[in-house]
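What follows is one structure encoded as structure tokens, with my remarks underneath.
The values are calculated or read from the model by the stated rules, or taken from the named source; none is laboratory data. Being a predicted model, the structure only gives us computed values, none of them experimental. When we count neighbours, we look across all protein chains shown, and the Cβ atoms used for this are built from the backbone with ideal geometry, even at glycine. The protein model used for the area step is the full one, side chains on, heavy atoms only, and it has no ligands, DNA or RNA in it. Shrake-Rupley method; radii C 1.70, N 1.55, O 1.52, S 1.80 Å.
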Amino acid sequence: HQLGGNFVLLEEKKAGQMKLFVYIRIELSEQTTNLVKGSENTGVGHVLANKGGQAISFTLNGTTSFCFVNSHLAAHEGKCDKRNSNIQEIFEGLANTGRFGNKNLDIAQYDHTFWFGDMNYRTALPEISDKKLKHKVVTDWVAEKNYAEIAAHDELGREVREGRILTGFHPA
């Protein structure tokens, strides 16, 4: 047990190479209800599980609801709109199952929703077209611990701030 003996696997969801495991403290495991899991493929024809998302939700102590979403979004530079579309497809696909609460709502209805995974958003530097130079600029910022500059150019942060995706979420 890498988490130590105080944790137990609550639930898992696998789709292709994408996997989501939710662990919980042993003493809390008997206090969970409304355990639900689901997935939405966004790969070719919504069939291939090379891209998409998995979700696990539950209620703790009958009062506080949690939802964990693991996603693998479209890769490559210049595909920000496709990544945004993948997120929307995952939201809609999970909501349309009716398994994640009220079918007319979405997974953001939970008290705490955590969205993570290989989201593939980039450091947006549209003024630099040379990929090697762009890489050097970003690695220099990392070496200088200039995290504020990196955050200022973060595609995901920009898309959330501008209200294009994950409305109400706060990037960590």
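Can you tell me which residues in the stretch 20-34 are outside any strand (DSSP E or B) and either surrounded by 13 or more Cβ atoms within 10 Å (Cβ to Cβ) or not charged (D, E, K, R) (or both)? Correct list: Ile26, Leu28, Ser29, Gln31.
Considering the stretch 1-19, the residues that are open to solvent by 40 Å² or more (accessible area, probe 1.4 Å) and outside any strand (DSSP E or B) include one that is modelled with the lowest pLDDT, namely His1. Please pick out the residue among Lys136, Lys131 that is basic (Lys, Arg), over 23 Å from the mean Cα position of the chain (by Cα) and closer than 27 Å to Asn50 by Cβ. After ruling out the rest, the residue left standing is Lys131. Annotation: of all residues in the stretch 153-172 being outside any helix (DSSP H, G or I) and touching a Phe, Trp or Tyr at 6+ places or on another chain (Cβ under 8 Å), the one that is modelled with the highest pLDDT is Asp154.
I'm trying to understand the selection: among the residues of the stretch 122-152, which are of a type in the set (S, T, N, Q), exposed (fewer than 11 other Cβ atoms within 10 Å of the Cβ) and outside any loop (DSSP other than H, G, I, E, B)? If the condition is that a residue be of a type in the set (S, T, N, Q), exposed (fewer than 11 other Cβ atoms within 10 Å of the Cβ) and outside any loop (DSSP other than H, G, I, E, B), then Thr139 is the only one that fits. Annotation note: of Lys82, Lys37, the sole residue that is closer than 21 Å to Gln17 by Cα, part of a strand (DSSP E or B) and open to solvent by 60 Å² or more (accessible area, probe 1.4 Å) is Lys37.
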